[in-house]
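Trainee: Have a look at the structure that comes next, please.
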Amino acid sequence: MKRSIFTLVLLLLLTGSIKAQDNLITNIKHRKTLSLNGKWHYIVDPYETGFYDYRYKELKEDNGDAYWNTGIPANKTAKKEHGYNDKYTIEVPGDWNHQKPEFVFYEGTIWYQKTFDYKKQDSGNKYYLYFGAVNYRADVYLNGKKLGMHKGGFTPFNFELPAALLKDTGNFLVVKVDNKRYADEVPTLNTDWWNYGGITRDVELVEVPNTFIRDFMVQLKKPHGGAIPAKQPEVEGWVKLDHQPSSAQTISVSIPELKLTKQFTTTDSIIPLSFKLPGQVRLWSPQAPKLYRVVISAGTDKTEDEIGFRTIEAYGKKLLLNGKPLFMRGICIHGEIPQDVRRAYTQQDAAQLLGQARQLGCNMVRLAHYPHDEKMTRMADSLGILVWSEIPVYWTINFGSAEVLSKAKAQLNEMITRDHNRASIIIWSVGNETPISATRTDFMHSLITKAKQLDSTRLVSAALEVNYSALKDQNIVDDPLGQFVDLVAFNEYLGWYGGLPDKCRTTNWSTPYNKPLFISETGAGAKAGFHADSLSRFSEEFQEWYFKEQVDMLKRMPDNFVGLSPWVLADFRSPKRNNPVYQEGWNRKGLYDDKGNKKKAFYIMQNYYKQKTKEEVK
Ligand code: GCB
């Protein structure tokens, strides 16, 4: 019975009767914006006094006690029990945990407030407030009016600002940020990473013409049957206007370097694109990450982006990039700068993380376990690093809940919408290590279907898990989700969670699905500087031994093995890791330590990748 209601809701979601909010503006980097980054005022509000009255009912919008209202008393007799003050400021973007010692473990509500001026360019224009990410729930108010609420800690969202509400001077912007964990959210209560709270990415005020280009997709058409891209490869995509234009509009797409301009006249809000690129086009690849300036205009709006053209296909046992077999020399990365114990959000942060991956010899990164800052995927585009991008459907989220499914779909939609023009991204992942059950497989299948609807050009996968107690010498990755993914990916920690590393000597892996096989995680913990014999857990020697055995085992992988992304680039914070000597709140499986030093195991993987690169060249 329960199952059939679930199936009905699934069907409703699939047929689009229940829709996720669909108004995200993309390509913010190239829009006219005012940055609202910088110092904001804050109030810490663990009891949510600024939101609920003493009967725990939500305060009315005009209630002077609500923290979205100023807190300035009308006269000296008036009572005010809140207020924003220069004594209490915090930087945006940036998690709150690293900014004040008293916030390290804080999970709850903090109110952010900023006053800003804005001179409108044209009274007919539209205005949006755009947030790169707020972890986890954001309630946004401007000049005492609520603009909206968003959940999901790693994806962008925007709210329209009614022009009449936006003043030339003294706009009072308030964001209530709440990072409490709940069972029915995505992720759920339990994760192996730090729950950094706050406005963790850029905030922008965006001004656009009344009818504007909300989004566009300009990508090579998905290849079939293992084909190498034609000399004049075909672009397939669309341009999405904010709304249907009142009269016919001409949309133009041009790539100046290729001397290409295409025009389309339309009265619709979505314009399909289909055209051939000229023969001199150079395809994007890790060896030659060529990006072209693509300019799109519609009426008075114009935007541009840097786009690379490439194809990706899972064909039989192989992964084909531009029609050629690809081996992924990967590494998993958390969106964290361990040196400062904070979330990553700057250009320099992206350069550090991707630079370290490059030193290891990677051509691919798995951005775990949630969408990273857009600066990461844009930098991966220009450096030529392939990307696996994932939503935080992690471990034991509530798979039986239709509401949780719609939350996961909303995050999937925001992740794909933000980044569907990034050449570097070749795989969308719908989750990590989700325990097998029929309900979970329906849930995950529904996410895969949605990902494919949103983007038909890329691969869809998920990191599957291995049951260590059932491990034999012949291990078969036969999770039923394998039938729906394009790439069978699994996390194995043979020698760390199951036995000792020499277990690798007799272990073999395979999958019954005729698909490429990828190891999405493998790793062992080591405290940098702790040297001992290789049997001592947490020593660099143990981790080194682990990777030596793993590398030897990889030589025996079946012919559909297409690469790996070991766990993990650098040590990262986790409240679950409480060994008082070796961990102290850190997951120590990094190949780099928390100061950026390489551990011994780093060199084992680096050598393996060097050798794989040589084989590639041959
Ligand atoms: C995993 C998880 C990852 C953990 C890692 C570990 O399988 O996917 O999030 O951090 O193992 O260190 O145990």
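The values are calculated or read from the model by the stated rules, or taken from the named source; none is laboratory data. Remember, it's a predicted structure, so these values are computed and weren't measured experimentally. Backbone-built Cβ (ideal geometry, glycine too); neighbour counts: all protein chains shown. Side chains are part of the model used for accessible areas, which takes the heavy atoms of the whole protein and leaves out ligands, DNA and RNA. Shrake-Rupley method; radii C 1.70, N 1.55, O 1.52, S 1.80 Å.
Trainee: What would the Debye equation give as log₁₀ I(q)/I(0) for the chain at q = 0.11, 0.12 Å⁻¹, counting only Cα atoms as equal point scatterers?
Mentor: -1.13, -1.32
Trainee: Find, to one decimal place in angstroms, the Kirkwood hydrodynamic radius of region 569-618, where the mean of 1/r is taken over every pair of different Cα atoms and then inverted. Display every interim value, and only then the final one.
Mentor: Details: mean 1/r = 0.0817 Å⁻¹.
Taking the inverse mean of 1/r over all distinct Cα pairs, region 569-618 comes out at 12.2 Å.
Trainee: Here's something else I'd like to know. Within 10 Å, count the other beta carbons around each residue, average over each peptide in 44-55, 494-505, and list them highest first. Spell out each step's value before the answer.
Mentor: Numbers: 44-55: 13.9, 494-505: 17.9.
Taking the mean over residues of other Cβ atoms within 10 Å, the ranking is 494-505, 44-55.
Trainee: Additional query: Please report the base-10 log of the normalised intensity I(q)/I(0) for region 374-498, using a Debye sum with one equal scatterer per alpha carbon and no solvent, at each q in 0.09, 0.12, 0.15, 0.19 (1/Å).
Mentor: -0.27, -0.48, -0.72, -1.05
Trainee: Just report the Cα centroid separation between region 297-329 and region 45-99, whole Å.
Mentor: If we compute the Cα centre of each part, the gap is 47 Å.
Trainee: Tell me the per residue accessible area of region 328-472 using a 1.4 Å probe; a whole number in Å² is fine.
Mentor: Details: 3540 Å² over 145 residues.
Roughly 24 Å² per residue, with all protein chains present.
Trainee: Out of the total accessible area of the chain (probe 1.4 Å, heavy atoms of protein only), what percent is carbon and sulfur? Kindly include the intermediate steps, with their values, before the conclusion.
Mentor: Details: 12720 of 24580 Å².
The value for the chain is 52 percent carbon and sulfur by accessible area.
Trainee: Taking 8 Å as the Cα distance limit and 6 or more residues as the minimum spacing, I'd like the relative contact order of the chain as a percentage.
Mentor: Answer for the chain is 12 percent.
Trainee: Please figure out what share of the DSSP beta bridges in the chain is antiparallel and state it in percent, rounded to the nearest 5. All intermediate terms of the calculation are to be shown ahead of the outcome.
Mentor: Values: 89 of 121 bridges.
Antiparallel bridges: around 75 percent, rounded to the nearest 5.
Trainee: For a protection proxy built on the mean count of beta-carbon atoms within 10 angstrom, sort 443-455, 120-132 highest first, please.
Mentor: Working: 443-455: 20.2, 120-132: 16.4.
Output ranking for 443-455, 120-132: 443-455, 120-132.
Trainee: While we're on this one: Leaving ligands and nucleic acids out of the surface, order E403, E107, E414, E390 by accessible area at 1.4 Å, largest first.
Mentor: Numbers: E403 115, E107 70, E414 25, E390 0 Å².
In descending accessible area the options line up as E403, E107, E414, E390.
Trainee: Continuing with this model, one more query. Add -39500 (n - 2.57) for each DSSP H run of 4 or more in the chain, then divide by its residues: what number comes out at 222 nm, to the nearest 500 deg cm²/dmol? Can you show the working numbers first?
Mentor: Numbers: 7 runs with 105 residues, N = 618.
Roughly -5500 deg cm²/dmol at 222 nm, from the helical runs in the chain.
Trainee: Next up: If one computes the Cα centroid of region 519-542 and of region 136-198, what distance in Å separates the two points?
Mentor: Centre-to-centre distance over Cα atoms comes out at 40 Å.
Trainee: Another question, if that's okay. Work out the length of the dipole vector of region 555-611 about its Cα centre, built from +1 on the beta-carbon of each Lys and Arg and -1 on the beta-carbon of each Asp and Glu, and round it to the nearest 20 debye.
Mentor: Working: 12 positive and 5 negative charges, 26 e Å.
I would put it at about 120 debye.
Trainee: Just the number please: accessible area per residue for region 569-614, 1.4 Å probe, all protein chains included, in Å².
Mentor: On a per-residue basis, region 569-614 sits at 43 Å².
Trainee: Now a separate question. Below 8 Å between Cα atoms, with a sequence gap of 6+, how large is the relative contact order for region 444-494 in percent?
Mentor: 47 percent
Trainee: Moving to a separate point now. With equal scatterers on the alpha carbons only and no solvent term, can you work out the Debye log10 of I(q)/I(0) for region 31-208 at 0.08, 0.12, 0.13 1/Å?
Mentor: With one equal scatterer per Cα and no solvent, log10 I(q)/I(0) is -0.25, -0.56, -0.66.
Trainee: Skip the ligands, DNA and RNA, and give the accessible area per residue of region 31-208 with a 1.4 Å probe, whole Å². Could the numbers behind the result be given before it?
Mentor: Numbers: 7870 Å² over 178 residues.
Counting only protein heavy atoms, the per-residue value for region 31-208 is 44 Å².
Trainee: How big is the charge dipole of region 31-208 about its Cα centre, in debye rounded to the nearest 20, if each Lys and Arg gets +1 on its Cβ and each Asp and Glu gets -1 on its Cβ? Please report the intermediate quantities before stating the final value.
Mentor: Details: 24 positive and 25 negative charges, 90 e Å.
In debye, rounded to 20, region 31-208 gives about 440.
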